[in-house]
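**Student:** Starting off with a structure, shown below.
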């Protein structure tokens, strides 16, 4: 189903995301920090004075810092969701924290991928809705200066980097589409803003599902294996379809080349 076509225009919100990596960023080298110094000498020296930097790798302490700074606005902001990826992929937590007067002021929640030799957002690069954990955005350049090299930060929310110094170069990441539920008061209101055909198709599908008398059962883990089987079946069917399409395309290409060669032969014979 094309999600974008399903959402009414007034509810459709294209959300821009951004990426930052140190591999192409000159400002995160200790040999070239003139812009950083200039930034903090312009009335912001209070942030660079009397601060302490702490690298936190203890999982319980990382969780405490996450719960303190996370905006808790989406699924990706929850510790349990990120921890599930960490537990499965076995990456090492690396939380870069800035303290002032023994109080944490900013945290850059990272993980270290030892196999691919880079640092990224905690929970691996599958995460979205990423943001800088700071009590003041003026600390973002300092966090990035202190961050380890080979740093790749994907899917950064736009509001997290609004107002940061212009010398920090963020590039646009792939956008995503979200449905703002705060603008929708009921299912009828949502359906009323759809095109007639979409509204008809949804109501028809709803009736088909209701005829099956479905039951919603939460946390029934006995169905987990069946869910995996269905997902694997769907993936297998997808690859079979792709394979079939590629074969058809290649076959047509071969036939086209043969026809071209035959035409050339006919032309030569005709000339002779």
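The values are calculated or read from the model by the stated rules, or taken from the named source; none is laboratory data. Quick caveat, the model's predicted, so the values are computed rather than measured. We place every Cβ from the backbone using ideal geometry, glycine too, and count neighbours over all the protein chains shown.
**Student:** Determine the pairs where a residue that is within 21 Å of residue 128 (Cβ to Cβ) and outside the structural domain of residue 158 (by TED's automatic domain parsing), located within the range 176-199, has a partner that is exposed (fewer than 12 other Cβ atoms within 10 Å of the Cβ) and at pLDDT 80 or above with Cβ atoms under 8 Å apart, the partner being 6 or more residues away or on another chain.
**Tutor:** Filtered contacts from the range 176-199: no entries.
**Student:** Check residue 149 against each of (1) at pLDDT below 85; (2) closer than 25 Å to residue 77 by Cβ; (3) touching a helix residue (DSSP H, G or I) at 6+ places or on another chain (Cβ under 8 Å) and name the one condition it does not meet.
**Tutor:** Just one mismatch for residue 149, condition (2).
**Student:** Looking at (1) in a helix (DSSP H, G or I); (2) within 29 Å of the chain's Cα centre (by Cα); (3) loosely packed, with under 10 Cβ neighbours inside 10 Å, which is the one condition that is false for residue 185?
**Tutor:** For residue 185, the exception is condition (1).
**Student:** Another one. Would you kindly identify the helices (runs of 4 or more DSSP H) lying entirely within the range 74-174 that contain at least 1 residues that are closer than 23 Å to residue 58 by Cα? Steps first, answer last, please.
**Tutor:** Numbers: elements: 79-89, 140-146, 158-161.
The helices (runs of 4 or more DSSP H) meeting that bar are 79-89, 140-146.
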